[in-house]
Amino acid sequence: MGRPIDARGWIFEVEDHAAPGTYLTLGNLTSWTLNAGENEETADTTTFDSNGYYEQDVMQRGATIELAGLYAATDGTRDPGQLYVDETWAYLLGEESRGKMRYRHTSQTEWTVWECTVTPGEVGGETNAKTSWGCTFTRCGAPTTEPVVAA
């Protein structure tokens, strides 16, 4: 039986459209959620032969990752990953709206890579709070993997 891993040990990066192969880390995250069943579509295959039991086939698989964190700026400079999502990727349309993101836990030796779209999240806060930041990645096609390369 293995030990549970820390949620804070996950790393999320986005690829810069203008510089393929260059990834920007998304900083100041406070939570993340992988929904491996998002956008799944099924076909009902129940017949009289099912004897009253439901049957289905999965016709489409999908997934999303939602990230939440704090709007990050140090000395007036935005977090590079957040800035890229907010001011570049979020404005791309059509075929250009697809990009790549990758993620892994610090204990893993491979990245999971998605071709995906991104939807910016809400930004806000209250009187005694820090400003929130977030986004949702929606996978397009099957995920791939690539090895972690030492910097």
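The values are calculated or read from the model by the stated rules, or taken from the named source; none is laboratory data. A quick note: this is a predicted structure, and the numbers were derived from the prediction, not measured. Don't worry about glycine lacking a Cβ; one is built from the backbone with ideal geometry, like all the others, and counts go over all protein chains shown.
General observations
- Filter result for residue 13 (in contact with a Lys or Arg (Cβ under 8 Å, 6 or more places away or on another chain) and modelled with pLDDT under 95): no
- Candidate set from the stretch 109-146 (those that are under 16 Å from residue 93 (Cα atoms) and hydrophobic (A, V, I, L, M, F, W, C)); member that is farthest from the chain's Cα centre (by Cα): 140
- Single residue of the stretch 98-112 satisfying the filter (among the β-branched types (Val, Ile, Thr) and assigned to a loop (DSSP other than H, G, I, E, B)) that is nearest to residue 10 (Cα to Cα): 106
- Just one of the listed residues (46, 30) is at pLDDT 95 or above, of a type in the set (Val, Ile, Thr), surrounded by 11 or more Cβ atoms within 10 Å (Cβ to Cβ) and closer than 20 Å to residue 134 by Cβ, and it is 30.
- Candidate set: the stretch 49-64, residues that are surrounded by fewer than 10 Cβ atoms within 10 Å (Cβ to Cβ) and hydroxyl-bearing (Ser, Thr, Tyr); chosen: the one nearest to the chain's Cα centre (by Cα): 54
- Once the stretch 72-83 is narrowed to residues that are surrounded by 17 or more Cβ atoms within 10 Å (Cβ to Cβ) and over 19 Å from residue 115 (Cα atoms), the residue that is modelled with the highest pLDDT is 79.
- Hey, residue 66 of a type outside the set (Val, Ile, Thr), in contact with a strand residue (DSSP E or B) (Cβ under 6 Å, 6 or more places away or on another chain) and in a loop (DSSP other than H, G, I, E, B) or not: no
- Subset of the stretch 33-43 that is hydrophobic (A, V, I, L, M, F, W, C) and outside any loop (DSSP other than H, G, I, E, B) - its residue that is surrounded by the fewest Cβ atoms within 10 Å (Cβ to Cβ): 43
- Within the stretch 120-133, the set of residues being surrounded by fewer than 16 Cβ atoms within 10 Å (Cβ to Cβ) and either touching a strand residue (DSSP E or B) at 6+ places or on another chain (Cβ under 7 Å) or of a type outside the set (Gly, Ala, Ser) (or both) comprises 122, 123, 124, 125, 126, 127, 128, 130, 131.
- Residue in the stretch 134-141 that is assigned to a strand (DSSP E or B), in contact (Cβ under 8 Å) with a residue 12 or more places away in the chain and surrounded by fewer than 15 Cβ atoms within 10 Å (Cβ to Cβ) present: no
- Hey, residue 86 surrounded by 13 or more Cβ atoms within 10 Å (Cβ to Cβ), more than 29 Å from residue 5 (Cα to Cα) and free of Cβ contacts under 8 Å to residues at least 60 places away in the same chain or not: yes
- Selected residue (only one of 95, 126, 115 is out of contact with any helix residue (DSSP H, G or I) (no Cβ under 7 Å at 6 or more places or on another chain) and in a strand (DSSP E or B)): 115
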